[in-house]
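Just below is one structure, and these are the notes that go with it.
Since every read-out is calculated from the coordinates, none of them should be taken as a lab result. Just so it is clear, the model here is predicted, and its values are computed rather than measured. In this analysis, Cβ positions are derived from the backbone assuming ideal geometry, glycine residues included, and neighbour counts consider all displayed protein chains.
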Amino acid sequence: MKLILAIESTCDETAAAVIADDLRVLGSSVASQDQLHQRFSGVVPEIAARAHVERILPVIDEALRRAGCGLGDLAAVAVATTPGLANSLLVGLSAAKAIAIALRIPLLGINHLHAHVYACRLAAGRDVFPCVGLIISGGHTHLFHYRDPLDARLLGGTIDDAAGEAFDKVATLLGLGYPGGPALSWLAESGDPKALAFPRSFIHEPRLDFSFSGLKTAVRYAISPQGRPVRLASELSLSERADIAASFELAVAETIAIKATQAIEQTGVSRLCVGGGVAANRVVRAELELRAKEKGFELLLAPRELCTDNAVMGAIAWEKYWRGQFDELEIDILPGLLR
Ligand code: KG4
Ligand code: ZN
């Protein structure tokens, strides 16, 4: 049995996992930084990078301990090199390079977005390619056509805010904490999703892009209508806030499900794999399930615990290993958004 150590540090989770060549996960460890970023209502890149430096070695140690193995048992080391926050990515890549050099084992750079989709492959326990992959996270809302796990063609993506970013910003407008997705979803449970008719961008257009900034602005005006004295979310009743949260959540979920269904129809691929933090959302999952049933395509949703950032999905590195696609020690990070 061969083992890969996968490292993840693209944003504000420091994570490591040990995955065997039969794709069994032997050990996994995730250190979240939510508490560090809470008072800023968003991730502060410099704080994230410094926290990664402090946590990366203990997190790797913990993953190895849970797997019951040592560094000497590793066949390769994998690390997410793109996309993400530059200094956060650098911490993971530096750790991976050090391990590759010290142990003289291959280094495998992985794409964090494709890893999110691979979480569906892991959970299914069988081949799920070709498929349409939908990544809905804090930084991305993107649709890809996957011929295989490593061969992806971009179909479209957000032209402004990502779905998770919209959740986080609207949560801030509603006076909720960070990360906003889970908090907003909790508030929405007691609200009426039909109370407010929020916009659903591009749903009547064939382009497979997303836009959530108009929706965010619509929420802002629902809280504090234009031409009237500024109103804070704290001046609204709990049920008014819950209605706004529920209506916003449904608008995001319907938009995502409609665009993903269009991608299925346009590509002629009959399988949709969904990953990323927002894929943990109850209403998003339900809307996707509804369309899959209606249109008769196969839907694979990443298990909730593998939706938000983790290193387990770094198992995609085995696909590169099996193809002999090892990386040079000179590889660099590729931060930034995919447009
Ligand atoms: O995939 P992820 O952990 O990090 C990135 O790669 O960006 O996604 C984090 C995002 C955050 O914006 C968070 O608010 C959102 O996922 N999120 C959710 C839920 N859980 C996490 N959004 C809506 N509903 C949820 N239950
Ligand atoms: Zn992610």
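Which shape class applies to the range 136-212: rounded if a/c is under 1.5, otherwise prolate when a/b exceeds b/c and oblate if not, where a ≥ b ≥ c are the square roots of the Cα gyration tensor eigenvalues?
Prolate shape, in that a/c is at least 1.5 and a/b is the bigger ratio.
What is the helix-to-structure angle for 163-173, meaning the angle in degrees between its Cα long axis and the longest Cα principal axis of the chain, kept from 0 to 90 and rounded to the nearest 10?
Helix 163-173 sits roughly 50 degrees off the main axis of the chain.
Please build a GNM for the chain, connecting alpha carbons under 10 Å apart, and tell me which residue among I101, I110, I47 fluctuates the most.
The residue that fluctuates most here is I101.
Determine the percent antiparallel among the DSSP beta bridges restricted to the chain, to the nearest 5.
Around 60 percent of the beta bridges assigned by DSSP in the chain are antiparallel ones.
How big is the range 189-259 on each of its three principal axes, counting only the C-alpha atoms and giving the largest first in Å?
40, 28, 13
Which residues does the label zone of E235 cover in the range 166-192, counting backbone N under 17 Å from a point 7 Å along Cα→Cβ?
173-175
In whole Hz and in residue order, list the ³J(HN,Hα) couplings for the range 181-187 that follow from phi through the Karplus curve 6.51 cos²θ - 1.76 cosθ + 1.60, θ = phi - 60°; x for Gly and Pro.
Result, ordered by residue: x, x, 5, 5, 4, 5, 5 Hz.
Once phi is turned into θ = phi - 60°, what whole-Hz ³J(HN,Hα) does the Karplus curve with 6.51, -1.76 and 1.60 give for every residue of the range 27-42, x standing for Gly and Pro?
Once rounded to whole Hz, the list reads x, 8, 8, 10, 10, 7, 10, 3, 5, 5, 9, 3, 6, 9, 6, x.
Quick check: from the Cα gyration tensor, does the range 98-182 come out rounded (a/c under 1.5), prolate or oblate?
Verdict is oblate for the range 98-182.
Sum up the charges of everything whose Cβ sits under 13 Å from the Cβ of T217, counting Lys and Arg as +1 and Asp and Glu as -1, but leave T217 out.
+1
Between 0 and 90 degrees, rounded to the nearest ten: what's the tilt of helix 86-103 against the longest Cα principal axis of the chain?
Rounded to the nearest ten degrees, it is 20.
Provide the descending list of Cα extents for the range 247-305 along its principal axes, expressed in whole angstroms.
Principal extents (largest minus smallest coordinate, Cα): 29, 25, 16 Å.
For the chain, find the longest principal axis of its Cα atoms and tell me its angle to the long axis of helix 213-223, 0 to 90°, nearest 10.
Long axis of 213-223 versus the principal axis of the chain: about 50 degrees.
Would you grab the residues whose amide H sits under 5 Å from the one on L155? Only those 5+ places off in sequence or on another chain, please, with H modelled 1.01 Å from N.
Long-range HN contacts for L155: L143, F144, H145.
Could you state the orientation-averaged shadow area of the convex hull built on the Cα atoms of the chain, in nm² to one decimal?
16.9
What translational diffusion coefficient, to the nearest whole µm²/s, does the range 1-149 have by Stokes-Einstein, given a Kirkwood radius computed over alpha-carbon pairs, a temperature of 20 °C and 1.002 mPa s viscosity?
Estimated via Stokes-Einstein, D reaches 135 µm²/s.
Report, in debye and to the nearest 20, how large the dipole of the range 115-221 comes out about its Cα centre when Lys and Arg carry +1 and Asp and Glu carry -1 on their Cβ.
100
Dipole size in debye (nearest 20) for the chain around its Cα centre, Lys and Arg Cβ +1, Asp and Glu Cβ -1? Could the numbers behind the result be given before it?
Details: 33 positive and 39 negative charges, 66 e Å.
The calculation lands at about 320 debye.
Give the residue list of trypsin sites (Lys or Arg not before Pro) in the range 1-88 that are DSSP loop and have at most 14 other beta-carbon atoms within 10 angstrom.
Hits after loop and neighbour filter: K2, R24.
Under unit Cβ charges (Lys, Arg +1; Asp, Glu -1), what dipole magnitude, rounded to 20 debye, does the range 268-339 have relative to its Cα centre?
Computed charge dipole of the range 268-339: roughly 520 debye.
At q = 0.12, 0.17, 0.20 Å⁻¹, work out log10 I(q)/I(0) for the range 129-265 with the Debye formula, treating every Cα as an identical point scatterer and leaving solvent out; two decimals please.
The Debye formula, applied to the Cα set alone, gives -0.49, -0.87, -1.11.
For the chain, modelled as a Gaussian network with Cα springs under 10 Å, which listed residue fluctuates most, A75, A311, A302?
The residue with the greatest mean-square fluctuation here is A75.
So what is the relative contact order for the range 212-337, in percent, with contacts set as C-alpha pairs under 8 Å and at least six apart? Walk me through the numbers on the way to the answer.
Details: 91 pairs, mean separation 24.0, N = 126.
Worked out over the range 212-337, it gives 19 percent.
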